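**Student:** Pasting a structure below so you can have a look.
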Amino acid sequence: MKKIIVTGGLGFIGSNLIDLLISKNFYVINIDKVTYSSNHYNLKDHKNSKKYKFIKCDINDKKIKNLLFRYKPVGIFNLAAETHVDRSIDSPKSFIKSNILGVFNLLESFKNYSKKYNSKLIHISTDEVYGDVLTGRSSENYPYKPSSPYAASKAASDHLVNSYIRTYKIPAIVTNCSNNYGPKQHPEKLIPKLIYNILNNKPLPIYGKGTNSREWIYVKDHCDALLKVFNKGKLGEFYNIGSNKNLNNLQVSKKLINVSKKLFKLGKEVKIVFIKDRPGHDIRYALNSNKIKSKLRWFPRTNFEQGIKLTFDWYNKNKAYYKSLSKKDIIKRLGKG
């Protein structure tokens, strides 16, 4: 059975990716340092699986090199990262440590490992590295103009990976994905926070006037793309992964209200309220994903209407997920600047 290492596998995208990899008969080693956004609930179905192993470890730890040589993975998916923009405004240091220094340590370990064993590193990044894309869509050749400490730290990690590809010839690929949504996402992010508030009869807070536009992709479509990149992607390349579907925050909120209305009567407090915007809030992200479509024949399969219903259903049936989290991490306002 081929072995894969997933870093940050207790998080949102990582846990969904592990579900997919195990279903494809890979043996998955999940390396996660266990932060507020890590959650063993996300992988409870694999707790006793013979295809899954969890190791508590920070990618900054020197043990990473030993783990590579011990388990000899054919691939590494690096999802270990601090990802919440608001938190990066309040506390940038942890983002520098995880997203830059952690990636450096991983690259140094992988550089040595890949000289002796056949393997690939897939480094998962974000569309936020391109900054505001007011018109059109950003292709892989678009300049990096990150706005937040989070986006800057991810941009730096992309450049680091690319430099190791060029200088040390490591077998690696970088992916940049649009906003993910779906099951198992921490409610510091927009959609699961709104769902939590709907389920708990609370107002729905929206930054500014709700006009900030994001390209939304269902997490399982993203994971399918990552596996396609691993299997068919060209080493040394960058691939954008997106749905080509943009919605602003107000539209997302209204769609969630409509979905929930069909399931139960909403509480009186469930209404949209506009709150002060966060500093440096980008107006629009939009990816050009033609490369992965034409070169690898990957296409998103889940439209937003299907995906948002699947997402709401999961949270509605998994209220224990919210109970497994610290309440202050759910309701506290961050990123005021």
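The values are calculated or read from the model by the stated rules, or taken from the named source; none is laboratory data. The structure displayed is predicted, hence computed values, not measured ones. Positions of Cβ are backbone-derived with ideal geometry, glycine not excepted, and every protein chain shown enters the neighbour counts.
**Student:** Those residues that are assigned to a strand (DSSP E or B) and among the small types (G, A, S), I need them from region 162-189; list them, please.
**Tutor:** Passing the criteria: only A172.
**Student:** Of all residues in region 283-315, count the ones that are assigned to a helix (DSSP H, G or I) and among the β-branched types (V, I, T).
**Tutor:** 3
**Student:** Which one of the conditions (1) surrounded by fewer than 21 Cβ atoms within 10 Å (Cβ to Cβ); (2) at pLDDT 95 or above does L79 fail to meet, given that it meets all the rest?
**Tutor:** The single condition L79 does not satisfy is (1).
**Student:** Go through region 46-67 and report how many residues are aliphatic (A, V, I, L, M), in a helix (DSSP H, G or I) and either modelled with pLDDT under 95 or under 23 Å from the mean Cα position of the chain (by Cα) (or both).
**Tutor:** So the count comes out to 1.
**Student:** OK, next. Kindly indicate which of K65, K120 is surrounded by 17 or more Cβ atoms within 10 Å (Cβ to Cβ), more than 17 Å from G11 (Cβ to Cβ), free of Cβ contacts under 8 Å to residues at least 60 places away in the same chain and in contact with a helix residue (DSSP H, G or I) (Cβ under 7 Å, 6 or more places away or on another chain).
**Tutor:** K65 is the lone residue from the list that is surrounded by 17 or more Cβ atoms within 10 Å (Cβ to Cβ), more than 17 Å from G11 (Cβ to Cβ), free of Cβ contacts under 8 Å to residues at least 60 places away in the same chain and in contact with a helix residue (DSSP H, G or I) (Cβ under 7 Å, 6 or more places away or on another chain).
**Student:** Here is a list: K276, K265. Which entry is without any contact (Cβ under 8 Å) to a residue 40 or more places away in the chain, more than 15 Å from S178 (Cα to Cα) and not polar (S, T, N, Q)?
**Tutor:** K265
**Student:** Shifting gears a bit: How many residues, within region 269-282, are in a loop (DSSP other than H, G, I, E, B) and surrounded by 15 or more Cβ atoms within 10 Å (Cβ to Cβ)?
**Tutor:** Final tally of qualifying residues: 6.
**Student:** Something else: State all residues of region 86-106 that are hydrophobic (A, V, I, L, M, F, W, C) and surrounded by fewer than 24 Cβ atoms within 10 Å (Cβ to Cβ); if no residue qualifies, say none.
**Tutor:** I89, I96, I100, L101, F104
**Student:** Additional query: Can you say whether L226 is of a type outside the set (D, E, K, R), surrounded by 20 or more Cβ atoms within 10 Å (Cβ to Cβ) and either out of contact with any Asp or Glu (no Cβ under 7 Å at 6 or more places or on another chain) or assigned to a helix (DSSP H, G or I) (or both), as far as the supplied structure shows?
**Tutor:** yes
**Student:** Identify, by number, the condition in (1) touching a residue at least 60 places away in the same chain (Cβ under 8 Å); (2) closer than 30 Å to N316 by Cα that G136 doesn't meet.
**Tutor:** (2)
**Student:** Which members of region 68-84 meet the condition of being among the β-branched types (V, I, T), assigned to a loop (DSSP other than H, G, I, E, B) and under 21 Å from the mean Cα position of the chain (by Cα)?
**Tutor:** The one that is among the β-branched types (V, I, T), assigned to a loop (DSSP other than H, G, I, E, B) and under 21 Å from the mean Cα position of the chain (by Cα): T83.
**Student:** Continuing with the same structure: Among the candidates K261, K254, which residue alone is basic (K, R) and more than 25 Å from the chain's Cα centre (by Cα)?
**Tutor:** K261
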